[in-house]
Amino acid sequence: MTSFWISLFVVGFAIASFAYVYALRVQVMAVVDLIWTAGLGVAALAYLFVSEADTMRGYAVGLLIVMWSSRLSIHLFKDRVLKRKEDSRYANLAEFWGKSAKRNFYFLFLGQVLFVALFLVPISIAMSKGVDAWLWSDWVAVIIALVAFAGEAIADRQLARFRADPDNKGEVCQRGLWRYSRHPNYFFEWLHWWSYVAFAWNSPNWWWVFIGPVAMYLFLRYLTGIPHAERSSLKSRGDAYRQYQQTTSVFFPWIPREPQS
């Protein structure tokens, strides 16, 4: 399997370079997110077909990661690429980096390949567990994945519907799932990675599968997700968002608190 991982990096860096050139052309650095979302789905399928993971579990894991990859990639493509809409995170990075922005963005594009490889580790372990029989833990994994898939899709749809209403301009979405978490889409994204922990139950390499949910939580909660989203929301919605912060859980869905007087 060494050749597979070498090929992953060679092909991945080539695709990332092409995506970078395209992003410069359309002036939307948010294209970088598609390398991670679409790339992981393609890489998982490639691993499935070159490895010995041709069991019911292997195909189930492959199907679920492709469902996740397709939904998120299509959502990002329609919302960012087709609309030529830059993500505020990358606009802020471009401003912060200044003259070095083009060079730094290229390394950011290449870095997505490393993320694909990192998160492919738990997926590959879940696929090639070494036990052919379908177990109760596999049903738990499927349930977790479907709940996460549905929850993230519903959260994205609720937010899109809220933003599409001109009367809501400058307001904070507190409807549906957004009433119980300031970032329900991120929560369900994180939940998705627990399905691979369940798939890999009793695997000799089971502990390595925790790379998925642990790394995803750190990225979303402290690095690439929530901090940028919170700063952007405070900038655009001000006091309305500050009150939302006082009443609503930042990540894990919970009953809203009473606003402070």
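Just so you know, all these numbers are worked out from the coordinates, no wet-lab data involved. As the structure is a prediction and not an experimental result, all values here were calculated from the model. Heads up, the Cβs are rebuilt from the backbone with ideal geometry, glycines too, and the neighbour counts pull from every protein chain shown.
Please check: in the Gaussian network model of the chain (C-alpha springs, under 10 Å), which one of G176, G58, G111 has the largest mean-square fluctuation.
G176
Hand me the GluC sites (Glu not before Pro) from region 25-120 located in a DSSP loop with no more than 15 other Cβ atoms within 10 Å, in residue order please.
Passing both the DSSP loop test and the Cβ count: E52.
Would you please classify the overall shape of the chain from the alpha carbon gyration tensor, given that a ≥ b ≥ c denote the square roots of the eigenvalues, rounded means a/c under 1.5, and beyond that prolate means a/b larger than b/c while oblate covers the rest?
oblate
Compute the separation of the alpha-carbon centres of region 27-103 and region 176-190 and state it in Å as a whole number.
If you average the Cα positions of each part, the centres end up 20 Å apart.
Among the lysines in region 1-137, how many pairs, 8 or more places apart or on different chains, have alpha carbons under 30 Å apart?
Taking the Cα cut-off of 30 Å, the pair count is 6.
Just how large is the dipole of region 133-255 about the Cα centre, in debye to the nearest 20, putting +1 at every Lys and Arg Cβ and -1 at every Asp and Glu Cβ?
With Lys and Arg at +1 and Asp and Glu at -1, about 400 debye.
K235: which lysines have alpha carbons under 17 Å from its alpha carbon, excluding same-chain residues fewer than 8 sequence positions away?
Partners found: K169.
Could you tell me which trypsin sites (Lys or Arg not before Pro) in region 1-89 are loop residues by DSSP with no more than 12 other beta carbons within 10 angstrom of their beta carbon?
In loop regions of region 1-89 (DSSP not H, G, I, E or B), the sparsely surrounded trypsin sites (Lys or Arg not before Pro) are K83, R84, K85.
By Kyte-Doolittle mean hydropathy of at least -1.0 and Cα axial length of at least 15 Å, which whole DSSP H helices of the chain are selected?
Helices meeting the span and hydropathy rule in the chain are 2-26, 32-50, 56-76, 101-127, 136-164.
Report the calculated FRET efficiency for F49 and K85 (r = Cβ-Cβ distance, R0 = 35 Å), to the nearest 0.05.
0.50
Give the whole-number value, in cubic angstrom per residue, of the convex hull volume spanned by the C-alpha atoms of region 133-255.
Taking the convex hull of the Cα positions in region 133-255, it is 101 Å³ per residue.
Given the options F49, M29, N202, identify the residue whose Cα lies farthest towards the positive end of the charge dipole of the chain (+1 on Cβ of Lys, Arg; -1 on Cβ of Asp, Glu).
Checked the options; the winner is M29.
About the Cα centre of region 31-114, how large is the charge dipole given +1 on each Lys and Arg Cβ and -1 on each Asp and Glu Cβ? Please answer in debye to the nearest 20.
Computed charge dipole of region 31-114: roughly 420 debye.
Which of the chymotrypsin sites (Phe, Trp or Tyr not before Pro) found in region 186-261 are in a DSSP loop and have at most 13 neighbouring Cβ atoms, other than their own, within 10 Å?
In loop regions of region 186-261 (DSSP not H, G, I, E or B), the sparsely surrounded chymotrypsin sites (Phe, Trp or Tyr not before Pro) are W254.
Report the label-to-label distance for L146 and L234 in nanometres (one decimal), using points 7 Å from each Cα along the Cα→Cβ vector.
4.1
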